[in-house]
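Participant: Input: one structure, supplied below.
Any read-out appearing in this document is the output of simple, stated calculations on the displayed coordinates, not a laboratory observation. Just so it is clear, the model here is predicted, and its values are computed rather than measured. Here the Cβ positions follow ideal geometry from the backbone for every residue, glycine too, while neighbour counts run over all protein chains shown.
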């Protein structure tokens, strides 16, 4: 059952977002200033979560690497976006591509581990 | 049966992934809601450094400057009136000047008239053919027709969505917007005209006229109101003149010609 904990966490976060956001009452002008950074932070968060799950399955999970990775990735992505905005080059694309490709890599590995495990269990049940 | 069950017993990482998943869910939701609120406000898609951001702050600046121009011109009129006070000859000159400025559209004016609101049709065009679809939207030539018709029936002052129609005004189509005085606008378009309300409304409603055609497409595309009193703002654009000058009267012509 503990495998579904992250999913429960995700749903709780979404709920808080849905009901909490209107209370903040942010004007669209302000929102349009920070929206791109928020999107990048979301991508960094997705990357870290999938990376954490993958490391956990591989048995190499370290909490300090996990948390610091999330914070640093977010800051670097936001920093790139900010600098790119200033110098007129879409540097945030670098963060989007790098994080995006890692998300897909991690997801494919997790899928592979999961399917392998299911196949192994089937074989065990079939053999017994 | 899922990915985690075999490996996760007595391991702390699930809790940490869970807490970060919570943060992730929060980020995703706030991000989505932010972008949708930006879309609703029409400020753009919220991409880094995109033109929509610059656009919204620039148009704010333009609005402020236009207000400033309007205020300054009003002040100028007041000063001219003060100057002419008590002196008959100056007063005659000033009366002429104020009348000319009113004709040129440099002063806000009030009077009876009509308001015609035009909007794109909410109905689906009956076919996909381009000429059918075109009839269900308001175009630059619709506004040109209306303004022309109103001018022909004696409208003395005209404005479209608050932009004063003067002798130098152009109405043209750029993408999904219509530029009037080089100011982009989107539907609904509110055409205000000062003149005899009955004549103006009658001219627009002539059988075979503009509104008659529009009514056959979709009567919901326009609303025509007569008003006993409406006010039309002044022209706030540039009045710079680079090429034209008064035509020379005889005698002075030779001296001025280069």
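Participant: Give the span of chain A's Cα atoms along each principal axis, as three whole-Å numbers ordered largest to smallest.
Facilitator: Each principal axis gives a Cα extent; for chain A these are 64, 34, 24 Å.
Participant: Mean-square fluctuation check for chain B, GNM, Cα pairs under 10 Å: which of B:222, B:22, B:165 is largest?
Facilitator: B:22
Participant: Among B:89, B:135, B:242, which one moves the most in a GNM of chain B with springs linking Cα atoms closer than 10 Å?
Facilitator: The residue with the greatest mean-square fluctuation here is B:242.
Participant: Please report how far the C-alpha centroid of the range A:42-118 lies from that of the range B:69-118, rounded to the nearest whole angstrom.
Facilitator: Each part's Cα centre sits 66 Å from the other's.
Participant: Using every alpha carbon pair in the range B:108-232, what percent of pairs falls into each 10 Å bin from 0 up to the bin containing the largest distance?
Facilitator: Calculated P(r), rounded to whole percents: 13, 46, 33, 7, 1.
Participant: Could you estimate the translational diffusion coefficient of the protein assembly as shown from the Stokes-Einstein equation, with Rh from the Kirkwood formula over C-alpha pairs, at 4 °C and 1.567 mPa s, in whole µm²/s?
Facilitator: 47 µm²/s
Participant: Now, a different point. What angle do you read, to the nearest 10 degrees and between 0 and 90, between the alpha-carbon axis of helix A:92-127 and the longest principal axis of chain A?
Facilitator: Result, in degrees: 20.
Participant: Taking only the alpha carbons of the range B:148-222, what extent do you get along each of the three principal axes, in Å, biggest first?
Facilitator: Computed over the range B:148-222, the largest-to-smallest principal extents equal 32, 29, 15 Å.
Participant: While we're looking at this one, here's another question. Using Cβ contacts closer than 10 Å as the measure, can you line up A:116, B:29 from fewest to most?
Facilitator: Final ranking by Cβ density, sparse to dense: A:116, B:29.
Participant: Taking chain B as the reference, fit the longest principal axis to its C-alpha atoms, fit the long axis of helix B:13-41 to the helix C-alpha atoms, and give the angle between the two in degrees, 0 to 90, nearest 10.
Facilitator: Tilt relative to chain B: about 20 degrees.
Participant: Quick check: the angle from helix A:63-87's long axis to the longest principal axis of chain A, C-alpha only, nearest 10 degrees?
Facilitator: Computed tilt is about 30 degrees.
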